[in-house]
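Contents: one structure, followed by commentary.
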Amino acid sequence: MALNITQKIIKQHLVTGEMTAKNPINIKMDQTLTQDATGTMAYLQFEALGVPRVKTELSVSYVDHNTLQTDFKNPDDHIFLQTIADKFGLVFSRPGNGICHQVHLERFGKPGKTLIGSDSHTPTCGGIGMLAIGAGGLDVAMAMAGQPFNLKMPMVVKVHLTGRLQPWVAAKDVILEILRRETVKGGVGYVYEYSGPGVDTLTVPERATITNMGAELGATTSVFPSDDETRRFLKAQGRESDWIELKADAEATYERVIELDLSKVEPLAACPHMPDIVKPVAELEHLLVDQVMIGSCTNSSYTDLTRAAQILKGKSVNPRLSLGIAPGSRQVLRMLADEGNLSHLVAAGARLLENACGPCIGMGFAPKSNAIALRTSNRNFEKRSGTDSAQVYLVSPEVAAVAAVEGKFTDPRKWGAYPEVKMPEKFTIDDSMFIFPKANGENVEIVRGPNIAALPIKSGMTEELKVKAAIKVGDNITTDHIMPAGKYLPLRSNVPEYAKHVFEGVDSQFYKRATEMKRSAIIGGDNYGQGSSREHAALCPMYLGVEAVVCKSFARIHLANLVNFGILPATFKDPADYDSIDVGDELRVDVKNLDGELVLENLTRGKKIPLTHTLSDEDKVILKAGGRLSFAKQQAKS
Ligand code: MIC
Ligand code: SF4
């Protein structure tokens, strides 16, 4: 049978299940990655599983989110992660080495392999032909323990690329164009697989920009073929032996096909406050700009920043704004320095930020009140930048650099000659900021500072959920709405403290109300839980007594996280029933039997509301046990 790339990789890694669309399958994970903001929790969970050593081909623990170190909390997390890595056999990427996705692409990603990461932008490595999937930390912990990853067999969309990008048009514009067409929920249940003659014209970092932001479509992942370009990239990274060819069979079939002529794409911007509100830059030229940030795992590669430097060479940053530069990795930073491009950036007045996530996750460099900020990152959710009133637009490094000089949105195509930047034949390779594991970690002592709180574990599900509606929210609620990051990010390893901020920006009374209600439910609209993979968006509500989320539809990773933490995820059979529940209503759901439809009784209004769910048999057992960790522990005992 003719197979596409997604099916080929899944087939090679299939442990159980049938490869028919939407069917539950289990696949073996070759590699894992974590970052510090989700990693501390993932390793606490891994520890709880009692497995002495990771069982993957490669597991890497990165530190890139919490690097400001304004007090003991971040460094406590770092040393905890370093000692954990040492003990359990992981590679540790030290703070200062770069953003997990960029570094993984440079140093570890391998075509044809599977990767699971506790960060929603893990699909970045799809740019190198990996099947790279973002998940909650607990799913990553299970993969490190050698368990296969459970998912629904994805449907595959073919994105057929033709033509070639015009000067000043970038990979960022390609993914923005796809987001414009597909929306932030259009990708749920799908893998976006790129093909066609246009693929040859894109470098690996360009492909990685596209697969990175496939996360914003809600997609399971995105993947490019592994071809000569992939081979050149790996060779330049000193890893040619990691290359294999990977392409779809000529007769492979797809669920849908998207045609995209690269030569017709124009410079685009995602407007506040969603990545799919996309407009041509040419239509935004009336807008003055107050801040520009070039960086994040989407656009911080060597070519991105070298091009920005070439645009800024001999120019000055406009006095009305500040330009921040956050290179994606130490490799990128060193090469910028060695080739003189760092000097152009600094001479132009750019402010050099650490090569980490930084402003992308609201860690410093917040814009001023009501600012218009142009950022090359992937998410422009309200308040994420750290300034509630800021308006963040997502753009390519080209558009960002030109705006930094002009002080306003400017269609870069008017700007003269497009600086040509070649992919290097050899990247500067320096792995000295990785700590590779010792053969035996038995005697390593794990260092736990006061910020590392014990892991809350839920007891089994009761036969009947008798809860009160603690909050009712609209469509496209992100995990940033549920569990704000930014200034609270240092609390990631301290659930009791972090839980005080659940839904804070949406409803400041939520914590108080949920605590008083003791047993509660969340009522949501469409695409509930989109965005980040942070399992705290399930874990912290669980800690506050949330037992069910009832909404119109869910985002994939968040749905899995809810199951993992023992919260029932159910959808309205008839979306109109959303209107039949209000905050404070008393609700009852009989969950003795999770097979088939459920009925929610709104006791306050005397109304019966039919609910549906997409739980697999395994999910049901996990929910009954009170979550995946309780389930795994029960199994270990039996
Ligand atoms: C993000 O971009 O929102 C994050 C921070 O990288 C998250 C992970 C997290 O919440 O820790 C993600 O994308 O999964
Ligand atoms: Fe870091 Fe931002 Fe990428 Fe998330 S999206 S991994 S915060 S750079």
#### Entry: Residue-normalised accessible area of the chain, expressed per residue, 1.4 Å probe, Å²
35 Å²
### Task
Go through the range 229-235 residue by residue and turn each phi into a ³J(HN,Hα) via Karplus (6.51, -1.76, 1.60, θ = phi - 60°); whole Hz please, and just put x for glycine and proline.
5, 4, 4, 4, 4, 5, 5
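Quick one: of 500/633; 315/383; 313/368; 315/414; 73/518; 468/592, which pairs are farther than 21 Å apart, Cα to Cα? The partial results should precede the final answer.
Working: 500/633 28 Å; 315/383 32 Å; 313/368 27 Å; 315/414 16 Å; 73/518 29 Å; 468/592 19 Å.
With Cα atoms farther than 21 Å apart: 500/633; 315/383; 313/368; 73/518.
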### Task
Can you sort 302, 418 by 1.4 Å-probe accessible area, starting with the largest?
418, 302
### Task
Give the shape of the range 50-151 as rounded, prolate or oblate, defined through the alpha-carbon gyration tensor: a ≥ b ≥ c are the square roots of its eigenvalues, a/c under 1.5 means rounded, and otherwise the shape is prolate if a/b is larger than b/c and oblate if not.
oblate
### Query
How much accessible area does residue 243 have with a 1.4 Å probe, in Å² rounded to the nearest 10?
50 Å²
### Task
With θ set to phi - 60°, apply the Karplus curve 6.51 cos²θ - 1.76 cosθ + 1.60 along the range 543-550 and write out the HN-Hα couplings as whole Hz, x wherever there is a Gly or Pro.
4, 8, x, 6, 10, 8, 10, 10
### Task
Report, by chain and number, residues whose modeled amide H sits under 5 Å from the one on residue 98, excluding near sequence neighbours (fewer than 5 apart, same chain).
330
### Task
Could you name the lysines whose alpha carbon sits less than 22 Å from that of residue 438, not counting residues in the same chain fewer than 8 places away?
55, 87
## Note on the structure
With DSSP loop assignment and no more than 11 other C-beta atoms within 10 Å, the GluC sites (Glu not before Pro) in the range 545-626 are 597
### Message
Show me the GluC sites (Glu not before Pro) within the range 428-521 that DSSP assigns to loop and that have at most 11 other Cβ atoms within 10 Å of their Cβ.
### Response
442, 445, 463
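Mean residue ellipticity at 222 nm from the helices of the chain, using -39,500 (n - 2.57) per DSSP H segment of n ≥ 4 over the full residue count, to the nearest 500 deg cm²/dmol?
Numbers: 19 runs with 175 residues, N = 638.
Mean residue ellipticity at 222 nm (helix-derived): -8000 deg cm²/dmol.
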#### Entry: Distance between the range 34-99 and the range 565-600 - C-alpha centres, whole angstrom
37 Å
### Size of charge dipole - the chain - debye, nearest 20, with Cβ of Lys, Arg +1 and Asp, Glu -1, no other charges
660 debye
### Query
So, in Å, what gap is there between the alpha-carbon centers of the range 355-393 and the range 403-418?
21 Å
### Query
Between residue 180 and residue 288, 0.36 nm times their residue separation minus their Cα-Cα distance comes to what?
36.6 nm
### Message
Restricting to Cα pairs below 8 Å that are 6+ residues apart, what does the relative contact order work out to for the range 476-592? Please round to a whole percent.
### Response
25 percent
## Note on the structure
Rounded to one decimal in nm, the spacing of the 7 Å Cα→Cβ label points at residue 462 and residue 155 is 3.9 nm
### Task
Heavy atoms only, probe 1.4 angstrom, no DNA, RNA or ligands counted: give me 284, 455 ranked by accessible area, highest first.
455, 284
### Task
Could you let me know the centre-to-centre spacing of the range 160-206 and the range 273-351, using Cα atoms, in angstrom?
21 Å
### Task
Can you figure out the FRET efficiency of residue 512 with residue 11, using R₀ = 51 Å and their beta-carbon distance, to the nearest 0.05?
0.50
### Message
Are there any GluC sites (Glu not before Pro) in the range 385-426 that are in a DSSP loop and have at most 14 other Cβ atoms within 10 Å? List them by number.
### Response
420, 425
### Query
Once amide H atoms are placed 1.01 Å from N in the peptide plane, what residues at a sequence separation of 5 or more from residue 533, or on another chain, have their amide H within under 5 Å of its amide H?
120
### Summary
Full extension between residue 263 and residue 26 adds, at 0.36 nm per residue less the Cα distance, a length in nm of 81.4 nm
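When only C-alpha pairs under 8 Å and at least 6 residues apart count, what is the relative contact order of the chain, in percent?
On the way: 1640 pairs, mean separation 92.6, N = 638.
Computed value for the chain: 15 percent relative contact order.
Would you mind getting me the FRET efficiency between residue 612 and residue 635? Use the beta-carbon distance for r and R0 = 30 Å, nearest 0.05. Please list the in-between numbers first.
Values: r = 28 Å, r/R0 = 0.94.
My answer for the efficiency is 0.60.
The values are calculated or read from the model by the stated rules, or taken from the named source; none is laboratory data. Just so it is clear, the structure is predicted and the values come from calculations on it, not from any experiment. Cβ sites come from the backbone with ideal geometry, for glycine too, and all protein chains shown count toward neighbours. Accessible surface areas use protein heavy atoms only, side chains included; no ligands, DNA or RNA. Shrake-Rupley method; radii C 1.70, N 1.55, O 1.52, S 1.80 Å.
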